[in-house]
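Visitor: Quick one: the structure is below, questions incoming.
The values are calculated or read from the model by the stated rules, or taken from the named source; none is laboratory data. As the structure is a prediction and not an experimental result, all values here were calculated from the model. Here Cβ is always computed from backbone atoms with ideal geometry, including for glycine, and neighbour counts include all displayed protein chains. Just so you know, the surface numbers come from the protein's heavy atoms only, side chains and all, with ligands and any DNA or RNA stripped out. Shrake-Rupley method; radii C 1.70, N 1.55, O 1.52, S 1.80 Å.
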Amino acid sequence: MAKIPCTHCQLQFDEEMMITEEAQGKTLHFCCKGCQGVYNLLQSEGLDSFYEKLGDTTLQPAVTQNSDLDKFDLEGFEKKYVTLHEDGLKEINLIIEGIHCSACVWLNEKVLHKTDGIIETSINYSNNKAKVIWDPDIIKLSKIIQTIQSIGYNAYPYDPKLQEERAVKTRKDYYSRILVGVFGTMNIMWIAIAQYAGYFTGMERESKDILNVAEFILATPVLLYSGWIFFKGAYYGYKNRVVNMDTLVSSGAIFAYLYSIYAMVTQTGEVYFDSVVMIITFVLVGKYLEVLSKKQAVDTLDTIMGSTPTEVTAIKDNVKSLVSVENIVKGDLLELKPGEKVVIDGIVKFGQGSFDESSLTGENEPVFKQEGDEILSGSICLDSVLRYEATKDASNSLLSSIVKLLEESITKKPRIEQLANQISGYFSSVILLIAIATFAGWYLYSHSFEQALITAISVVVIACPCALGLATPMSTLVGISVAAKRSILFKEATFLETMAKSDLLALDKTGTITEGRPSVINAEIFEGFEPSMLLALANTSNHPISQGIVRYIHDHYEKLDEISLENIKSIEAKGIEAVYTGKKIRGGNLAFMNESGINVSFDSHHSLFFFAIEDQLLGRFELTDTIRQNADKAIEQIKAMGIKVVMLTGDHEQSAKSVAQSVGIDEVYAKLLPTDKAALIDDFHAQGHIVVMAGDGINDTLALSKSDIAIAMGSGADIAINVSDVVLMDEKPESIYEAYAISKRTFRAVKENLAFSLLYNTISVPLAVLGFVNPLVAALSMSLSSLVVVANSMRIKMIRLKGK
């Protein structure tokens, strides 16, 4: 008997033993029910690309389960995705699929909150990530998933490896639906022009019937395929007694469609297939813009933890061994080598060295640590081997605390609902009630079903939310494109509104106000100075100060010889030395020079670097971080908008105040750790401020996530960029001012569009109710209102920025 491979696990078995299944014209073979279930699960979840990535690799046959929901209660699943609290409660992060508006978030939270056994539910609209805490004695996780599925959504555990794949699939689905809608709209409008012309100038009945059929053929796929999203949303809204924008869109489209079929078949009245496709396509484009503006699928927490070592060198009874960080307890002795990242907080017991704490404080200048000094997780040992005693375990160390706080902050980040959505919740219900009342009133008055139906359709069509739906997305689309041309990237349309309302800007110093790398501001060169020799010496170190010297030499000297040094040594937290043609050359700080017998006396608030050959001092360099060009001008323009500007930095107070004074900032907070910055953001919120925070490093991620709007520099840490809402690709401080100006202009256009839309509906709906507007005029009015909104939104492109 021939052996064939299992479609899922690829293991080969006799054909007669296999379970067969027909799918898409192909015969599938499975070795067991488990493999069959897993294969169908992957297909239903849109993860069939798994088999392409699997290649020729074989798997263990899957374990048979009673149903797809059973997997959520398995021990292995819980170990991977579920967190057990000390009080016995369980917690999981889920991605809820199918959320496309704030009403969806509200519905899911409402249903879950009402479910017995669920203690807490919070859903982040920006990434559809839900945090669920439940009591396992009352409810199982499978029941929670089933509850979510029962209201029209799907849920699966958060896994960054699968999240991007799902997001791409969703975007492609919207894209294909929009293509159908746009194709139908463009073609049907040409036919509609002929229809409108014939309405006023006259057209033969036969020609009109042909055009009606053509419009019907074009409108049907747009309604049924592109509009399926709205029908699905309206169905679940009805099922859960929620009137949403989907209800109004679908009802207006379907009534216009049904009446148009009636008019086409009976050859009476006018058809409104053009209104059908415009209703569907315009609002669908708005939804697609929202999908495109979702935050990046890869969670920033995975980026932070991905660069964190999972093992450390522990010393016990003078024996070194690699130990998992989870097994380290307070009091263990650990060893650090140059270039290693600190994972667990502790106190230095033996040795000394320089540490890069830029990931914590944002400052590039290394910090010298010796016996008795505290070292923090997240910092990097630069130039020495030392041993330290753990003062905390991994879960309570600073880096882990930042991760936990960041996760909590992202999960509970406030959702700023668009003004249009706030209005539309009531608007949709009122319009439907008015349409129903209009139908009833006209039927009782005229005793004509046709007249009553036409008048009711006119109410729904003329009050169609195209103008209301376009008021925000159209303006924000133009605003986002204007910003993008200036290298300002808004990750989500609603961030324009939030930034426009902001009244406080918190700026990090290093990398935001300053360039983020030490540079030479003062150099004193003595007789016998050899730039090629200093360049060769500085290039042996990746220390920020050394790299600043390298840049200085390249900028000021053209003819540089390539020199090979011997006996290169890195002196812990002091400098470097080497030998060239029998002569000892040294470069480093003041203490290193004096210890080497070179008497130097110099006082400065800046970092110092000295260069000597043998016992002769040949150069002295002062380095500091350079303030970005036009930073003072940008801050002045921002303050002129009535926005309060403050500086948050991990640098020492004297240096921070010096920089602040140079750029016109009066309020400075110095010597701050990431948690301190985040606490200050919370304080600003408590004072009633809407806070925009600009930063560029890992140390800023917690404060950025706490702020209402987070701005990151384009070349900053990936983590800061991922957690941010706005990215400045050109890194210019003027771009912060431009982001404010564009946001305020865009939000003004949004308010103008909404005001026009509401005024239009206030006038047009009563006219339609009284029977003065037929569906044709209603459709024309609706189209005109949309064009007015589009035209007003385009005026954002005319914005003039100071200094431009």
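Visitor: How high is the FRET efficiency from LEU801 to LEU224, r the C-beta distance, R0 51 Å, rounded to 0.05? Can you show the working numbers first?
Guide: On the way: r = 46 Å, r/R0 = 0.90.
That pair, LEU801 with LEU224, gives E of 0.65.
Visitor: Heavy atoms only, probe 1.4 Å: what % of the accessible area of the stretch 515-627 goes to carbon and sulfur, would you let me know?
Guide: Values: 2510 of 5950 Å².
About 42 percent, which is the carbon plus sulfur part of the accessible surface.
Visitor: As an exercise, use a Förster radius of 41 Å and the Cβ-Cβ distance of THR762 and HIS447 to find the FRET efficiency, rounded to the nearest 0.05.
Guide: Details: r = 30 Å, r/R0 = 0.73.
Approximately 0.85, to the nearest 0.05.
Visitor: Less than 14 Å apart at the alpha-carbon level, and either on another chain or at least 8 residues along: which aspartates and glutamates does that give for LYS797?
Guide: GLU738
Visitor: Which residues' amide hydrogens lie under 5 Å from the amide hydrogen of THR626, considering only partners 5 or more residues apart or on another chain, with H built in the peptide plane?
Guide: GLU515, GLY516, ARG517, SER519
Visitor: Now a separate question. Each label point is 7 Å from the Cα along the Cα-to-Cβ direction; what then is the distance between the points at ASP683 and ASP14, in nm?
Guide: Here the modelled spin labels are 7.8 nm apart.
Visitor: Using only Cα positions of the stretch 521-577, each an equal point scatterer, no hydration layer, compute I(q)/I(0) via Debye at q = 0.15, 0.21 Å⁻¹ and quote the log10 values to two decimals.
Guide: Ignoring solvent entirely, the Cα scatterers give -0.45, -0.88.
Visitor: Exceeding 20 Å between C-alpha atoms, which entries from my cross-link table qualify? They are LYS114/LYS143; LYS501/LYS644; LYS131/LYS392.
Guide: LYS131/LYS392
Visitor: Which value, in debye to the nearest 20, gives the size of the charge dipole of the stretch 515-627 about its Cα centre, when Lys and Arg are +1 and Asp and Glu are -1 at the Cβ?
Guide: With only Lys, Arg, Asp and Glu charged at Cβ, the dipole is about 200 debye.
Visitor: Which residues' amide hydrogens lie under 5 Å from the amide hydrogen of GLU731, considering only partners 5 or more residues apart or on another chain, with H built in the peptide plane?
Guide: GLY714
Visitor: Next question, about the same structure. If I model a spin label as a point 7 Å beyond the Cα along the Cα-Cβ vector, how far apart are those points for SER395 and GLN146 in nm?
Guide: 3.2 nm
Visitor: Less than 12 Å Cβ to Cβ from TYR257, Lys/Arg counted +1 and Asp/Glu -1: what total charge do the surrounding residues give? Don't skip to the end; give the middle numbers.
Guide: Details: positive: none; negative: GLU215, ASP274.
That sum, taken over residues with Cβ under 12 Å, equals -2.
Visitor: Which length gain, in nm to one decimal place, applies between TYR238 and ALA755 when the Cα-Cα distance is subtracted from 0.36 nm times their residue separation?
Guide: 183.2 nm
Visitor: Something else now. How far is it, in nm, from the label point at LYS3 to the one at ASN318 when both lie 7 Å from their Cα along the line to the Cβ?
Guide: Result: 5.7 nm between the two label points.
Visitor: What is the calculated FRET efficiency for ILE261 to ASP116, with r their C-beta to C-beta distance and R₀ = 60 Å, to the nearest 0.05?
Guide: It comes out at approximately 0.80.
Visitor: Applying the Karplus parametrisation 6.51 cos²θ - 1.76 cosθ + 1.60 with θ = phi - 60° to the phi angles of the stretch 503-520, what ³J(HN,Hα) value in whole Hz is obtained for each residue in order, glycine and proline being reported as x?
Guide: Whole-Hz 3J(HN,Hα) from phi for the stretch 503-520: 10, 9, 10, 9, 10, 6, 7, 6, x, 10, 7, 9, 6, x, 8, x, 9, 6.
Visitor: Based on Cα coordinates alone, diagonalise the gyration tensor for the stretch 515-627, multiply each eigenvalue by 5, take square roots, and list the semi-axes in whole Å, largest first.
Guide: Semi-axes (√(5λ), whole Å): 20, 17, 13.
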